[in-house]
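Undergrad: My questions will all concern the structure given below.
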Amino acid sequence: MMTTIIDSVIILLLIGSIGYGYVVSRKVRVLMATLKELQPLVHEFSHAVEKSELSVHLMRQNIEDAEKAGAEPVAETVAVEKAFSSQRSAPQREVDTSSKMRVLRDKKELVKAFFENTPAARV
C-alpha cells in the first residue's frame, strides 16, 4: 500500500516536471522568434548610436578647434543678442527634475535602456 502511494507521488512529480519543461520550452521558442524579429531593429539602432557618437565627437572637436583659434563662443553671442531683443520670447519650460529620467553615458547603457523600454521585448 505504501509503495503504491510513493510510486504515484513520483509519477505525479515526473508528469509535473515534464509539463513545466514543455511550458518553458514554448516560452523560449517565442523569445527566440521575437529576438529574430528584433535583430534588424537592434542593428539599425546600434548603427544610429554609432553615428550619433561620431557626430557628437565631431562637434566637440569643432568647438575645441574654434576655441583654440580664438573665436568667440557661440553661446555667449546668442546670450548677448537675446539681451537686446525688442520682442518678448516665449516662456521657457522648466525641466522637471523629479522625473525618473536616466542619463545614459555609453552605447551599452543606451541599448540596455532600449530593451527595457520596448514592450515587444517583454515576454
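Undergrad: Between residues in region 29-51 that are more than 14 Å from residue 115 (Cβ to Cβ) and residues that are at pLDDT below 90 and in a helix (DSSP H, G or I), which pairs lie under 6 Å by C-beta distance while being six or more apart or on different chains?
TA: Listed pairs, sorted by first residue: none to list.
Undergrad: Right, here's the next one. Do we have residue 50 as more than 21 Å from residue 109 (Cα to Cα), assigned to a helix (DSSP H, G or I), at pLDDT 90 or above and open to solvent by 80 Å² or more (accessible area, probe 1.4 Å) here?
TA: Criteria not met by residue 50.
The values are calculated or read from the model by the stated rules, or taken from the named source; none is laboratory data. What you see is a predicted model, and the numbers here were worked out from it, not measured in a lab. Reconstructed Cβ throughout: ideal geometry from the backbone, glycine too, with neighbour counts over all protein chains shown. For accessibility, only protein heavy atoms count, side chains too; no ligands or nucleic acids. Shrake-Rupley method; radii C 1.70, N 1.55, O 1.52, S 1.80 Å.
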